[in-house]
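A short write-up of the structure that comes next.
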Amino acid sequence: MTLLPVTAPHPGFWTAAGMIAAIILSSTTGEVLTAAAMKSIGDLDIIRAHSGLKGAIRAVLTCPLFFAGVFFLATAFFALLFALNHMDLSLVAPASASLTLVTNAIAAKLFLHENVDRRRWTAAVFVCIGVYFLAH
Amino acid sequence: MAHHTLSPRQYLILALVALCAPLGDTCLSRGMTHLSPISLAQPGSLVAAVFTPWIAVGIALLIGFFASYLTALSWADLTFVLPATAFGNVIVALLSRFWLHETISIQRWLGIALITIGVGFVANGPSLTERPQPAGDSIREEQLQ
């Protein structure tokens with residue numbers, strides 16, 4: 001008797017969309033929290049010039065927002081692994097990588113109050129489609 | 001909005017952001033495919049894999065990516081830094097074409113063109129959203145100087 005690798009049946013549309021949404025949501029939350037942490041810490045080049053490399057590392061490691069960001073980025077990583085266990089890489093990787101760029105632009109405007117002007121929206125859409133073509 | 005221009009050192013950090021992540025992933029991929037299949041029942045072999053040359057270099061590159069990414073986020077907007085990370089995919093595709101002589105489909109060339117145009121759009125704009133500085137910050141800056 002030969003043993004064949006056990007493959008999970010392909011999930012339905014809504015299950016697949018939910019898995020990809022979980023990756024995008026946790027990744028976007030992680031990116032925004034990390035960006036907010038780094039903005040609250042200030043320019044690391046200036047901190048390093050005044051307090052050295054140890055001072056810059058201490059500034060990052062003593063910021064609770066940074067750890068919240070890393071937690072969500074780790075969650076996104078495990079959500080990606082879980083999705084890859086159920087779906088093809090050729091669907092999960094381009095869909096999550098490209099859509100995350102757009103959700104990050106929206107989240108950066110809403111929560112970080114970045115000036116996402118027409119130039120940055122256009123860039124986000126171009127890069128989003130470009131990543132999809134490149135990774136698909 | 002004031003036009004925040006970047007210093008050569010800051011462009012170098014953005015280049016590291018773009019380069020380190022895809023090169024690190026490539027090193028990890030190369031290292032893992034050269035190993036025999038690892039089972040979750042033998043976690044020791046997974047730890048041993050960390051000390052093989054390709055995987056060690058991959059991890060070092062990914063640490064370099066995260067350090068330069070955090071540095072970039074400390075002086076530039078998230079929507080300015082993220083396209084730089086995506087530009088890394090273009091660099092890897094071009095390396096695979098001209099160094100490894102792999103074939104790139106028309107769809108991938110189109111993807112490369114779109115990402116390059118997108119990054120060009122962002123790079124021509126300001127790197128940081130201008131915000132009114134609180135009075136306390138200016139006093140602190142004067143004290144630092």
log₁₀ of I(q)/I(0) at q = 0.11, 0.14, 0.20, 0.22 Å⁻¹ - the stretch A:15-135, Debye sum with one point per alpha carbon: -0.46, -0.70, -1.08, -1.16
DSSP-assigned coil residues among chymotrypsin sites (Phe, Trp or Tyr not before Pro) in the stretch B:19-114, each with at most 11 further Cβ atoms within 10 Å: B:PHE51, B:TRP99
Simple spin-label estimate for A:THR15 and B:TRP99 in nanometres, 7 Å along Cα-Cβ: 4.0 nm
Estimated FRET transfer efficiency when R0 is 35 angstrom, pair B:PHE51-A:ARG119 (beta carbons, to 0.05): 0.15
Peptides A:31-38, A:55-62 ordered by average Cβ neighbours within 10 Å, highest first: A:31-38, A:55-62
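Relative contact order of chain B, please, whole-number percent, based on alpha carbon pairs below 8 angstrom and at least 6 residues apart.
That works out to 35 percent.
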At R0 = 45 Å, FRET efficiency that the Cβ-Cβ distance of A:PHE67 and B:ASN124 yields, to 0.05: 0.80
Intensity falloff of the stretch B:8-144 expressed as log10 I(q)/I(0), Debye formula with alpha-carbon point scatterers, at q = 0.11, 0.12, 0.14 Å⁻¹: -0.57, -0.65, -0.80
Mean Kyte hydropathy of 0.5 or more with a Cα span along the axis of at least 24 Å, helices from DSSP in chain B: B:8-33, B:53-75, B:78-98, B:106-123
Where the Cα pairs of the stretch A:75-123 fall when distances are cut into 5 Å bins, in %: 5, 19, 22, 17, 13, 13, 9, 2
In degrees, nearest ten, helix A:64-86 long axis to first principal axis of chain A (Cα): 10 degrees
Chain B - mean residue ellipticity at 222 nm from DSSP helices (-39,500 (n - 2.57) per run, n ≥ 4, rounded to 500): -24500 deg cm²/dmol
Kirkwood Rh, Cα atoms: Rg over Rh of the protein assembly as shown: 0.99
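Readers should treat all values here as calculations from the given coordinates under stated rules, not as data from a laboratory. Please read all numbers here as calculations on a predicted model, not as lab measurements. Methodologically, a virtual Cβ is constructed for each residue, glycine included, from the backbone with ideal geometry; neighbour enumeration extends over all protein chains shown.
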